[in-house]
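Notes follow the structure.
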Amino acid sequence: MNIPTHKQALLGLALLFLPKLIHAMPINWLAPDLERIQQQAQDEDKLFIIYFSADWCLPCQWMQENTFQDAELSEYLGTHILTAKADLNQAASKVLQHQFEVETIPTILVFSPNGKLLDRREASIEARPLLRWLKKLDKPTNHISATLPLTNDKMAMDAPQPTIAFSRPALIPEEDNAPMLSNTSPPSENQAPPLLVLSGEPIAAIQTNFAPRSGMAYGVQLKNVLVDYPTAIRLVGELERKYEQSTELKPNGQGQFYLVLGDFTTTGKAHQFLHFLQRNDREGEVILLSNK
């Protein structure tokens, strides 16, 4: 019979209590100054929350001692979302309470950088569900990049779109010296549109009765992502669910594929989406897609 040694016993105790020794980063709770918080959120292009609580509220105390002590949640809040706490013992917080009709505490309000109320929770909540909820709201369409005024790129006017049906992912035709963003000359009017798409099924010709359209289309090609076809198909689904943008494949001519996100009518919109990706630790570059 093996009897644990003294060192083994100490190691077992250390492993048992290790999770309790890992402390979350303290959350930086800002004062409930709505105007100041919104200005900071706009400057940093971040969502912000206002957490309504009070020292006499037992569910609030539970969240403070449990939910907000979670290391993963506190790290996400510190990196991606501004946090403000409205203590209902204070007059300034009561103004916000009446403004947003808060009748139950704890309550969490989530705002876009422009100050739009996106969603609210009026009950105590554990760390993991709270983290999933915030990540779901922290998407490109809820950021400034989705609502910034257009630049001069708006001169590219909308026109009737081609009616083509195919399954994602589409395949960007491979071209020699493919035009990049710096290429400002429009494509030749006689340039034939791509005839084939790749959709995970047998390749088939598509209709080419394109209606005329002014302007071109742009996407964001991810850097350091070059994968085989099965991997690319898997990533397409993940990226489209995460960023809510169409994702296409661009072959490198050697059986591997780059991933291109989005189908933007202006370079300004493409760069705004690229800015959002960079905030979420993804690098890329804006490229010119085939003329639509």
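The values are calculated or read from the model by the stated rules, or taken from the named source; none is laboratory data. Everything numeric here is computed off the predicted structure, so don't read it as measured data. Cβ placement follows ideal geometry from the backbone for every residue including glycine, while neighbour counts extend to all protein chains displayed. Just so you know, the surface numbers come from the protein's heavy atoms only, side chains and all, with ligands and any DNA or RNA stripped out. Shrake-Rupley method; radii C 1.70, N 1.55, O 1.52, S 1.80 Å.
Annotations for the structure displayed:
- Residues being part of a strand (DSSP E or B) and closer than 25 Å to LYS136 by Cβ - total across segment 244-292: 9
- Count - residues of segment 232-251 that are more than 21 Å from HIS275 (Cβ to Cβ), in contact (Cβ under 8 Å) with a residue 40 or more places away in the chain and either open to solvent by 40 Å² or more (accessible area, probe 1.4 Å) or basic (Lys, Arg) (or both): 2
- Residue check for LEU118: touching a Leu at 6+ places or on another chain (Cβ under 7 Å), surrounded by fewer than 17 Cβ atoms within 10 Å (Cβ to Cβ) and touching a residue at least 40 places away in the same chain (Cβ under 8 Å): yes
- Residues located in segment 37-67, provided they are aromatic (Phe, Trp, Tyr) and at pLDDT below 95: TRP56, TRP62
- Contacts under 9 angstrom Cβ, first residue in segment 87-100 being without any contact (Cβ under 8 Å) to a residue 12 or more places away in the chain and over 12 Å from SER53 (Cα atoms), partner open to solvent by less than 90 Å² (accessible area, probe 1.4 Å) and part of a loop (DSSP other than H, G, I, E, B), 6 or more apart: VAL95/PRO32
- Residues that are surrounded by fewer than 21 Cβ atoms within 10 Å (Cβ to Cβ) and either without any contact (Cβ under 8 Å) to a residue 12 or more places away in the chain or over 16 Å from GLU248 (Cβ atoms) (or both), drawn from segment 261-275: THR266, THR267, GLY268, HIS271, HIS275
- Residue check for GLU65: free of Cβ contacts under 8 Å to residues at least 40 places away in the same chain, open to solvent by 60 Å² or more (accessible area, probe 1.4 Å), over 30 Å from GLN272 (Cβ atoms) and not hydrophobic (A, V, I, L, M, F, W, C): yes
- Matching residues, segment 124-144, being buried (at least 18 other Cβ atoms within 10 Å of the Cβ) and either free of Cβ contacts under 8 Å to residues at least 60 places away in the same chain or assigned to a helix (DSSP H, G or I) (or both): ALA127, LEU130, LEU131, LEU134, PRO140, ASN142, ILE144
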